[in-house]
Amino acid sequence: MPIQTVMTKGKVPVKIYTDEVESAAFQQLYNLSQLPFIHSHIAVMPDVHCGKGATVGSVIPTAGAIIPAAVGVDIGCGMNALRLSIKAHDLPDNLRSLRLFIEAAIPVGFAMHKQDRARQSTVTALAVGLHSILGKHRKLNTMQKKPYQTWVRQLGTLGGGNHFIELCLDENDDVWVLLHSGSRGIGNVMGEYFIALAKKDMGQHLINLPDKDLAYFSEGAAHYDDYS
């Protein structure tokens, strides 16, 4: 899709790939374009909408600083597309039973597995970095009930909102599974915690920002490495 318009009022251009942007999102994009460490330009996708200080559905490259609110509370949100070994003709005529099987196997919303289901090797690999952060920032442990059990049992779950599992066909009749998974509880509390910590670290300099939710960590600052 070609660029529809370019906003040039800020320190860097904002290249917008849609002709439908709500006024509040325009304001957030303008605020972002005022920041001195935005690299090159901001790219705005067709699904752009307001977020916490920064727009969702936009690419906000930075150099020498990181904005927790621009990353958002979906800090561990992920997407993956996996091509299966079957073709379209291998699928049943009615996909209802397949959908019910997926829904029964994968918890959604606030739900999680009732017992540990993830491979121990996966848990061990993730735990190394996570325990280091939880050890240094102990408040994170109080922001979620049973934090260790929760993040382990939320592995292999979907989340809520705009997260989905989709069965797709391509032009060769190959079957794909497309997944958009949420960051779940641990990602949400980390996002909220570091957004608040960035505001605290900036102190009186916060008043120089166009929006206090755009508080950031400068490279080399005390909590830059912990967050990044």
Residues being open to solvent by 30 Å² or more (accessible area, probe 1.4 Å), under 21 Å from Gly57 (Cβ atoms) and not charged (D, E, K, R) - total across segment 191-215: 1
Here is a list of conditions, (1) open to solvent by 30 Å² or more (accessible area, probe 1.4 Å); (2) in a helix (DSSP H, G or I); (3) among the aromatic types (Phe, Trp, Tyr), and Trp176 meets all of them except one; can you say which number that is? (2)
Please work out if Glu171 is open to solvent by 30 Å² or more (accessible area, probe 1.4 Å), closer than 17 Å to Cys77 by Cβ and charged (D, E, K, R). no
In segment 46-68, what count of residues is obtained for those that are of a type outside the set (Gly, Ala, Ser) and assigned to a loop (DSSP other than H, G, I, E, B)? 6
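Residue-wise test of (1) open to solvent by less than 90 Å² (accessible area, probe 1.4 Å); (2) small (Gly, Ala, Ser); (3) in a loop (DSSP other than H, G, I, E, B); (4) out of contact with any helix residue (DSSP H, G or I) (no Cβ under 7 Å at 6 or more places or on another chain).
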| residue | (1), (2), (3), (4) |
| --- | --- |
| Leu98 | yes, no, no, yes |
| Pro107 | yes, no, yes, yes |
| His113 | yes, no, yes, no |
| Thr124 | yes, no, no, yes |
| Ser132 | yes, yes, no, yes |
| Val152 | yes, no, no, no |
Is segment 44-56 home to any residue that is open to solvent by less than 50 Å² (accessible area, probe 1.4 Å), modelled with pLDDT of 90 or more and among the polar types (S, T, N, Q)? yes
Scan segment 1-27 and report the pairs whose first residue is modelled with pLDDT under 90 and whose second residue is loosely packed, with under 14 Cβ neighbours inside 10 Å, with Cβ atoms within less than 9 Å and a gap of 6+ or a chain change. Met1/Pro46
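The values are calculated or read from the model by the stated rules, or taken from the named source; none is laboratory data. Values in this document were obtained by computation on a predicted structure and should not be read as measured data. With ideal geometry, Cβ positions are generated from the backbone for all residues, glycine too; neighbour counts draw on all protein chains shown. These area figures cover heavy atoms from the full protein model, side chains too; ligands, DNA and RNA do not enter into them. Shrake-Rupley method; radii C 1.70, N 1.55, O 1.52, S 1.80 Å.
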